[in-house]
Amino acid sequence: MMATTHVLVAAGVASLTALVAPEHAPTAAAAAGLGGLVPDLDIYAGHRRTLHFPVYAAGTALLALVLAVMAPSMATVAAAAFLGGAALHATMDAFGGGLELRPWEAGSERAVYSHYHGRWLAPRRWVRYDGAPEDLLVATVAAVPTVLLVDGTLPVVGGVLAVSTAYVALRRRLAALWARLADHLVPRLPPDLQDHVPERFVEAD
C-alpha cells in the first residue's frame with residue numbers, strides 16, 4: 001500500500017483516542033502518522049525487511065499501549081501511537097501486493113519479511129498493489145476519523161489525500177519510467193553502487 005495510506009490508517013486509528021482522552025488525541029494522531037511512515041524509510045535498503053516487523057512491532061506496541069493506559073502522558077501516548085503506527089504498517093503490507101516494480105503482474109510472493117518467522121510472508125493482495133484504486137479508497141475512508149475527531153487536521157489530511165490521488169493516477173507510468181531509468185543508469189554505476197540497487201529495479205524487464 002501507499003506510504004500515505006499507512007499514515008492515514010495509523011492516524012485514523014489513533015484519533016479514536018479522542019473518544020476516551022480528547023486532550024491526547026492530537027499527539028496520538030500525529031505520532032501514529034509518523035509511525036506509519038517510518039518503516040518505508042528502508043525503501044532503498046532492504047525494503048519491507050529492514051524496518052518492517054509485523055510480529056515484534058505488534059508486541060512492542062501492545063506493551064506501550066498498556067503503559068499509556070496505566071500512566072497516560074504525552075510521552076507514553078506518543079510512544080504507544082508511534083509504535084502502533086509502525087506495527088499497523090508492517091501488518092498492512094501483508095494484505096497488499098508483492099515486492100516488485102509492477103505488482104499488478106502478481107509475480108512476487110514476498111509481501112513483508114517476518115523476523116519472528118524468519119521468512120517472507122506471502123501477499124494476500126486484498127489491495128492489489130500500492131497505488132491501486134482500492135488503495136486510495138482505503139486511504140480516504142481511513143482519513144475520516146482524523147478529520148472528525150481531531151481539530152485542525154483537515155488541511156493536512158486533504159494534502160495527503162491529494163498526494164495519494166496524484167500517485168494513483170501516475171502509478172503505472174512511474175513504474176515504466178523507473179524501469180527505463182534503471183535500464184540506462186544501473187549498468188553505468190560502479191559495481192559497489194550496483195549492489196545497492198533494489199532487485200525489483202534491476203529485474204524490471
Of all residues in region 91-119, which are hydrophobic (A, V, I, L, M, F, W, C), surrounded by fewer than 24 Cβ atoms within 10 Å (Cβ to Cβ), in contact with a Phe, Trp or Tyr (Cβ under 9 Å, 6 or more places away or on another chain) and in contact (Cβ under 8 Å) with a residue 24 or more places away in the chain?
95, 99, 101, 104
Residue identified as over 19 Å from residue 172 (Cα atoms), surrounded by fewer than 18 Cβ atoms within 10 Å (Cβ to Cβ) and at pLDDT 95 or above among 123, 72, 133:
72
Scanning region 52-98 for residues that are out of contact with any strand residue (DSSP E or B) (no Cβ under 7 Å at 6 or more places or on another chain) and among the β-branched types (Val, Ile, Thr) gives 60, 66, 69, 76, 77, 91
Of the residues in region 153-185, those that are free of Cβ contacts under 8 Å to residues at least 24 places away in the same chain, surrounded by 12 or more Cβ atoms within 10 Å (Cβ to Cβ) and of a type in the set (D, E, K, R) come to 183
Can you name every residue in region 143-152 that is crowded, with 22+ Cβ neighbours inside 10 Å, of a type in the set (A, V, I, L, M, F, W, C) and outside any loop (DSSP other than H, G, I, E, B)?
143
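The values are calculated or read from the model by the stated rules, or taken from the named source; none is laboratory data. All of these numbers come straight from a predicted model, not from anything done at the bench. Backbone-built Cβ (ideal geometry, glycine too); neighbour counts: all protein chains shown.
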